[in-house]
Structure formats: structure tokens, C-alpha cells
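What follows is a short report on a single structure.
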Amino acid sequence: MSARRTGANLITSYLVRETSRPLLFSLLITLAALLLERTLRLMELLTNHGGPLELVFQLTLNLLPHYLGLALPATFFISLFVVISKFDSNNELVTISGAGLSLYRIVRPLVAIGVVFAGISIALFGYMQPYSRYMYREIIYVVTTTAWNATLNERVFARLGGGLTIYADEVDATGRRLAGIFIREVSDDRETITTAAEGALIVNDNHTRLQLILRDGVRTIFESNSEAMTANFSSVTLGRDFAFDAAPFRPRGKDGREMTLTELWRLSRDTPPGEARAGLMAEFHTRAVRAASLPLLPFLAMAMGIASQRASRNTGIVAGGLILVLYHHVIQLGGSLVEREIFSAVTAIWLPFAIFAGFCMLTFHRSNASPGGNPFDTVFAGIENMIAALTSVLRPESKKQT
């Protein structure tokens, strides 16, 4: 008995070790892909508003809990699927089963990993993301409402708020000495265009306000009910200051996504029935069901991984990805229906979860009960036949040459 238990422990550690490596790799790749596109958009936003590019790091860091929570289910499933399909193709599952361990015993450590990841998901979506989302929105608010620290970026139209846009052909290393300046000011019925050979951004003694001093330029004023007026100047200080600091950002908790699970539960109990309470309940149950779904993924991955021995591994990954995407959108739709008070959380969110759980357990049980009872064998065969038929239609000349 002790020898069998030792063997089971060795197999458990082997499964965990083999799963962790592709999991970490795929998680890093997925996070990099998700964050790269968003980071480029943030850089564009900051340059358009004259903001310092070092804030990109802070914004990206605040996005990390959100994207990590989104990437975790997909990378967990793909890692499990790859490992299980490799075990099955190398007949390692047959060897392990021959040692007296059923698929239920083999999948147990993987389910334990899923439970750990469910706890991580609750920590990310339930408690870290509400704060990081609020801090992200606060930085965006400051970026879009503040004229930044007397610094501009070269050859970038900086929109400083209040209908003011500044452009400079050349900007020195400090961001305060400018050349080739173009300024556009727009009010209700007035537009002012100013060009200048050079200029400087000067901070006042209190370091709270900013002035723009221009030299050797032309200023043209367009008004709706009069002709344009143009004046040359040798030196002028722009007629208004630029405030460094925006008004204080609003308190956290404008919507349910900025609240923790504890706050959502407490506030939903204290809020009278209505749309506000429904929105809080939808957010709470959506987060809870996403975390509860993670321990189910090993059962689905085991069934699909075993079936992939008779099909392409890529076919299994695509099919699994489609199942997870469909399930994600069903839960998302259920949250919207709860928020609109069309259905209760039990019907719109937890019923799809129960169906998904039953689907995962049923496919796993049939794979364990009989070698030929895996329902994904037929699915994968149908997908590959469809791909083969499409390939033959799109490349008829290859048949003629062969």
C-alpha cells in the first residue's frame, strides 16, 4: 500500500511539474500580447495630451490584474490540454492506468491546481482589480485634464483641454524650449491661431501654474460676425495660464466594477430592489462564477486531450478555445440580463455554470468509462473532415499534380 501511495505521489508531482512549465510560458506570452496593444494605445493617448511617457508603466501595471484574470482560464486549459495530449500520445496515460490509477486519480492534482487558481481569480477580480481599475481611471483623468509639467513632445499635437492645442517642430531635452510653434485656441464663437519662431514654458514661483512665452510670431483671430484680425509680435505671453493640477478625482465606487466582492455583497443587501441592486448582484455573481469554473477545466482538458490522439492537437486547441469563448460570452450575457432585471442570477448565471459543469464531468466520465466513448472523437473527426474538404476545394490543382 505504501509503495502504491509513493508511486501515486510521484505521478502527482510529475503531473504538476509538467503542467507548470507550459502554463507559465503560455501565461507570459498571452499577457505580453494583451498588454502590448493596450500599451501602444496608452502611449498615443499620453503623447496627444502632452503627458510624460513614464506614466505608461503605471497604467500598464494597473491593467495587469484585469488581463491576468482574463488570461488565466485560457492558459490553464491550453497547458492542461497540451500536457494530457502529450501523455496520451506517448502512452504514458496507459502506463499510469496500468499501475492501478484511474483517470479520476490522475486528474485529482490538476483539479487541486484549479482550486488554487480559483482562489487567485477571486483575489484578482474580487479585490485587486477594483482598486487597480480605479487608479487606472484616475491617471487617465489627470492625463486628459492637466497640462503636463511644462513639457511637450516634439512634432506632436498636444491637446491641453479647454479647446487649446499646441504643436512644436523642435523641443529641447527639457521639453520647455520650443521652436516652430503652432497654437490653436477655440471658444464658442472665436478661433485664434498663433504661430511663433520660438517660445518657452515657464513655471511660476509657486510651481502651481504655467505660462507660455512666445517670440517673433503672428496671431490671427477669427470671429463668426467679423473679419479676421492679424497682428505681428516680437514677444508675448499667452493670455492664460495652464494649471498643473486637475480637480480631485471622484471617490472610488462609481460602478460595481470598482467595488470588491465584500463591498458588492454588503451594498447589495443594503440597497432596495431595483436596477442599482441588480447591477451589484450581477457583478458579484459574474465574478464568483468565473472563479468557480476554473476547477472544472481539468475534466474538460482530460477528455479533449485523450481524444486528440486520433486528431490534430491544433484541432483540439481550437475546439477548446471556442468552447471557452462561448462560455465566457454566455456568462457575460447572463450578467447583462441580471443587471436589466430580466432574469435572476440563479437562472442567467449559475444555470449556465451548472450546464458547463455537467458537460465537463459527463465528457470526462465517458472518456474514463470506455476507450471508445469519448464524445470528442466524433467532434474532432468532423472538424478534420471539414478542413480536408475545404482544402481540397481551395487547392484543386494539388490533386492534379499528385
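Annotations
- Residue count for the range 14-48, restricted to those that are among the aliphatic types (A, V, I, L, M) and at pLDDT below 85: 5
- The lone criterion from (1) modelled with pLDDT of 85 or more; (2) in contact with a Lys or Arg (Cβ under 8 Å, 6 or more places away or on another chain) left unmet by PHE249 is number (1).
- Note on the range 251-276: residues that are in contact with a Phe, Trp or Tyr (Cβ under 7 Å, 6 or more places away or on another chain), part of a loop (DSSP other than H, G, I, E, B) and among the hydrophobic types (A, V, I, L, M, F, W, C) amount to 0.
- Residues of the range 207-234 satisfying the condition of being among the small types (Gly, Ala, Ser), within 19 Å of GLY180 (Cβ to Cβ) and either surrounded by 13 or more Cβ atoms within 10 Å (Cβ to Cβ) or modelled with pLDDT under 85 (or both): GLY217
- Any chance SER392 is modelled with pLDDT of 70 or more, more than 15 Å from ALA307 (Cα to Cα), hydroxyl-bearing (Ser, Thr, Tyr) and surrounded by fewer than 12 Cβ atoms within 10 Å (Cβ to Cβ): yes
- So GLU191, is it at pLDDT 75 or above and part of a strand (DSSP E or B): yes
The values are calculated or read from the model by the stated rules, or taken from the named source; none is laboratory data. Because the structure is a prediction, the values reported are computed rather than measured. Counting neighbours? That spans all protein chains shown, and the Cβs are built from the backbone with ideal geometry, glycine included.
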